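Have a look at the structure below, then the notes.
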Amino acid sequence: MRRILVTSALPYANGSVHLGHLLEHIQTDIWVRFQRMRGHECIYVCADDTHGTATMLLAEQEGVGEEALIDRLHAEHLADFERFGISYNNYYSTHSDENQYFSNLIYTRLRDRGFVYTKDVEQLYDPERKMFLADRNVRGDCPRCGASNQPGDNCDSCGATYDARELKNPVSAISNATPILRNSDHYFVDLPKFTDFLREYIHNGSQQPEVANKLTEWIDGGLRGWDISRDAPYFGFPIPDADDKYFYVWMDAPIGYLASFKNWCTKNDVDFDEFWRADSTCEVHHFIGKDIINFHCLFWPSVLHHSDFRTPTKVHVHGMLTMNGEQMSKSRGTFVLASTYLDYFDPDYLRYYLAARLAPNSADLDLGSEDFVSRVNSDLVGKLVNIASRSEGFLAKHFDNTLASELAEPELWQEFVDEEERIAAWYEEGDTRRVVRRVMELADKCNQYLANKAPWQLIKDENRRDEVQGICSMGINLYRILIAYLKPIVPSLTQRSEEFLNAGDLTWENATQPLLSHRLNKFGRLLNRIELKTFNAMIEAGAQNTAVEDDSTSESESPHIEIDDFLNRASRGG
RNA sequence: GGCUACGUAGCUCAGCUGGUUAGAGCAUAGCAUUCAUAAUGCUAGGGUCGUUGGUUCAAGUCCAACCGUAGCUACCA
């Protein structure tokens, strides 16, 4: 039995769960459910990422304390994810004692080993709000093309990248005050010292090839020190032995994985160190989006390795979700919250669709409305569920819902059984696209078999009734093995099927044993078809739900962050 | 600008280390069927495999250039 710890990136506590988050958490959950189905120990933890300026400002805007804000969002996030069947063992928070403990521990270890240095940094400062301004919180004229009202790090108009200090006519996006330059000591992790370690680490099988490529690029370009401190006021953990300095949110965010797991270990009496000591033989898998590769594949393993923790076994990187070919964005009206989706569709539809498109790479994934509807209706209902539906009637009507005592077509059955190994390997790699394709090919094969045998003809002949039972029992058994193969992807459909099949929980092991002389439960509708207009209604509702927010931010004239930017970065990782 | 990935039928994609007339599903058309949630089965049309050049007995499959698309160019809560 393998011992596996799995994480999804930590959603940031400044907004609701949306389909972009779900892509990641569903992908993770499928992998986790597969591992558990195979009989491995698989602990899945996540948490809300709570610290930083954004939460601080949002709390202020809402007139509540940060802790009240993050508590509220934590409850919301967890409820949304749970309704999608995401099977965390623990969904915690980075604003926790455990997280502070590990942050301090890691920091002091790094510091004591000479991997931390301080440097004087000059930054824009908002004199009204008395706080330093991150690049994103400054707007001004582009130093190259002169376009007005550009963000502090790059120009949307001409694409130039620059330092916020170079902006002309800078304005604080928080208070509209004119920022001044001010100096402060910052704490840096000496990343360049980890160059050799990283060069080796990224080729140890922990990275997808295209990710390793990108990392090599960064490393070859020369690593720079990583600024891990922020000045007060800042919502976060104070840095030990420093005056009014706080850990930069991206420092303690990944540590949230440790904290969440530790919290779970305490409650379940599991040895944390078994998983995290440097020579652990357990596995650690992170699932993240490609936007946060640097944090998880450069900083995180470096920090872990140099503070006596093991490094991740594998980082699974996925691409971004687009809607009908466009970036998910509120202004384009292609933004759908998890809760909005649930007003219209069963989670299994989305889980199935995403699984049908996911491969072990970081390519972007498009959710196309017609494609979505067609795959659900053709594959799940028309092909798969249809097998059970068309077989069941005969058994119920003529055979007291009882399966034949032996397999009518052992070779056909064996063919389905023989796929087990390949399908498992695809799951393991994260190639659910192949899993789905193969299962649907088998479903086609099964429908062909039923069409050829035409039990609806045979039933008319009194002498051939036994054949009908045999054929339909094949149909049910084949349906059963196929739904078992898809169990990690469509848990609720599987559960309804298990009830109908009346033979307990499907496991990877028992799925390849046919049911013989077995009594089924009463058949109920397993899955409904969906309509394109429902999907369109959902998109429209999504646009309406979010239009309000757009207005409010533009009216205030001081959005702390462009709203679309928010979305792209809403799934950070912790 | 630099780097990376991708560009195969209307759509989503298979095509591994180069080797018979380029495949599947969906969509479309016709036929069959009616057990099944207007589901299923059979058949057909549809692609100069982004462009050009090269290596080779042989290239969608390797190389180069070009065109196009997307992304990255790390400290942003």
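The values are calculated or read from the model by the stated rules, or taken from the named source; none is laboratory data. Just so we're clear, the structure is a prediction, and the values are computed from it rather than from any experiment. Counting neighbours? That spans all protein chains shown, and the Cβs are built from the backbone with ideal geometry, glycine included. To get the accessible areas, we keep the full protein, side chains included, count just its heavy atoms, and leave off ligands, DNA and RNA. Shrake-Rupley method; radii C 1.70, N 1.55, O 1.52, S 1.80 Å.
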What 222 nm value per residue comes from the helices of chain A, counting each DSSP H run with n ≥ 4 as -39,500 (n - 2.57) and dividing by all residues, nearest 500 deg cm²/dmol? -14000 deg cm²/dmol
Using θ = phi - 60° and the Karplus form 6.51 cos²θ - 1.76 cosθ + 1.60, what ³J(HN,Hα) does each residue of segment A:176-191 get, whole Hz, x for Gly and Pro? 6, 6, 7, x, 10, 7, 8, 9, 7, 7, 10, 9, 10, 8, 7, 4
Cross-link reach from A:Lys262 to aspartates and glutamates, straight Cα distance under 17 Å and at least 8 residues apart if same chain, gives A:Glu41, A:Asp48, A:Asp49, A:Asp97, A:Glu98, A:Asp252, A:Asp271, A:Asp273, A:Glu274, A:Glu283, A:Asp308
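How large, in Å, is segment A:380-512 by the Kirkwood hydrodynamic radius built from its alpha-carbon pairs?
Working: mean 1/r = 0.0661 Å⁻¹.
This gives a value of 15.1 Å.
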Taking a 23 Å limit on the Cα-Cα distance, which of the listed pairs A:Lys214/A:Lys245; A:Lys267/A:Lys487; A:Lys119/A:Lys245; A:Lys119/A:Lys314; A:Lys383/A:Lys487; A:Lys193/A:Lys214 fall beyond it? A:Lys214/A:Lys245; A:Lys267/A:Lys487; A:Lys119/A:Lys314
Rounded to the nearest 5, what % of DSSP beta bridges with both residues in chain A are antiparallel? 55 percent
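Rounded to the nearest 0.05, what FRET efficiency do A:Asp371 and A:Ala177 have when you use their Cβ-Cβ distance and R0 = 60 Å?
Working: r = 49 Å, r/R0 = 0.81.
The value I calculate is 0.80.
Identify the GluC sites (Glu not before Pro) of segment A:387-477 meeting these criteria: DSSP loop state and at most 15 other C-beta atoms within 10 Å of the C-beta. Can you show the working numbers first?
Details: sites: A:Glu392, A:Glu406, A:Glu411, A:Glu415, A:Glu419, A:Glu420, A:Glu421, A:Glu428, A:Glu429, A:Glu441, A:Glu462, A:Glu467; in loops: A:Glu406, A:Glu419.
Passing both the DSSP loop test and the Cβ count: A:Glu406.
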Could you work out the mean projected area of the convex hull around the alpha carbons of segment A:117-189, in square nanometres to one decimal? 4.8 nm²
Descending packing, highest mean Cβ count within 10 Å first, for A:44-52, A:527-535 is A:44-52, A:527-535
Please state the relative contact order of segment A:43-177 as a whole percent: Cα pairs under 8 Å, 6+ residues apart? 18 percent
What accessible area per residue, rounded to a whole number of Å², is obtained for segment A:268-320 using a probe radius of 1.4 Å? 32 Å²
Label 7 Å along Cα→Cβ of A:Ala503; segment A:459-488 residues with amide nitrogen under 13 Å? A:473-485
About the Cα centre, charge dipole magnitude for chain A (Lys/Arg +1, Asp/Glu -1 at Cβ), debye: 1260 debye
Please report, as a whole percent, how much of the solvent-accessible surface of segment A:357-429 comes from carbon and sulfur atoms (probe radius 1.4 Å). 43 percent
Extension reserve of the A:Ser148-A:Lys397 stretch, reckoned as 0.36 nm per residue once the Cα distance is removed: 82.2 nm
Roughly what would the spin-label model give for A:Asp112 and A:Arg519, points 7 Å off Cα along C-beta, in nm? 6.8 nm
Give me the dipole magnitude in Debye, nearest 20, for segment A:117-189 about the Cα centre, with unit charges on the beta carbon: positive for Lys and Arg, negative for Asp and Glu. 120 debye
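Test of understanding: what is the full-extension gain from A:Val121 to A:Leu105, defined as 0.36 nm times their sequence separation minus their Cα-Cα distance?
On the way: separation 16, 0.36 × 16 = 5.76 nm, distance 2.53 nm.
Between A:Val121 and A:Leu105, full extension yields an extra 3.2 nm.
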Normalising by the residue count of segment A:8-114, find the relative contact order in percent from Cα pairs under 8 Å and 6+ residues apart. 35 percent
What does the charge count near A:Thr94 come to, summing +1 for each Lys or Arg and -1 for each Asp or Glu among other residues with Cβ under 10 Å from its Cβ? -4
On the protein heavy atoms, probe 1.4 angstrom, tell me the percent of accessible surface of segment A:117-189 carried by carbon and sulfur. 42 percent
Do you know the relative contact order of segment A:380-512, to the nearest whole percent, from alpha carbon pairs under 8 angstrom that are 6+ apart? 34 percent
From the residues A:Thr94, A:Ser374, A:Pro209, which one has its Cα farthest along the dipole of chain A in the positive direction, the dipole being from +1 and -1 charges on Cβ of Lys/Arg and Asp/Glu about the Cα centre? A:Ser374
Just the number please: accessible area per residue for segment A:1-151, 1.4 Å probe, all protein chains included, in Å². 36 Å²
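How much length, in nm to one decimal, is gained on full extension between A:Asp135 and A:Thr216, taken as 0.36 nm per residue of separation minus their Cα-Cα distance?
Values: separation 81, 0.36 × 81 = 29.16 nm, distance 2.65 nm.
Once the chain is fully extended between A:Asp135 and A:Thr216, it gains 26.5 nm.
Scale the Cα Rg of chain A by the rule-of-thumb value 2.2 N^0.38 Å and send over the ratio, two decimals.
On the way: Rg = 27.0 Å, N = 574, 2.2 N^0.38 = 24.6 Å.
The reported ratio for this selection is 1.10.
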Excluding A:Ser302 itself, calculate the net charge of residues whose Cβ lies under 14 Å from the Cβ of A:Ser302, where each Lys or Arg counts +1 and each Asp or Glu counts -1. +2
For an R0 of 25 angstrom, estimate the FRET efficiency from the Cβ-Cβ distance between A:Ser378 and A:Glu540 and round to the nearest 0.05. 0.55
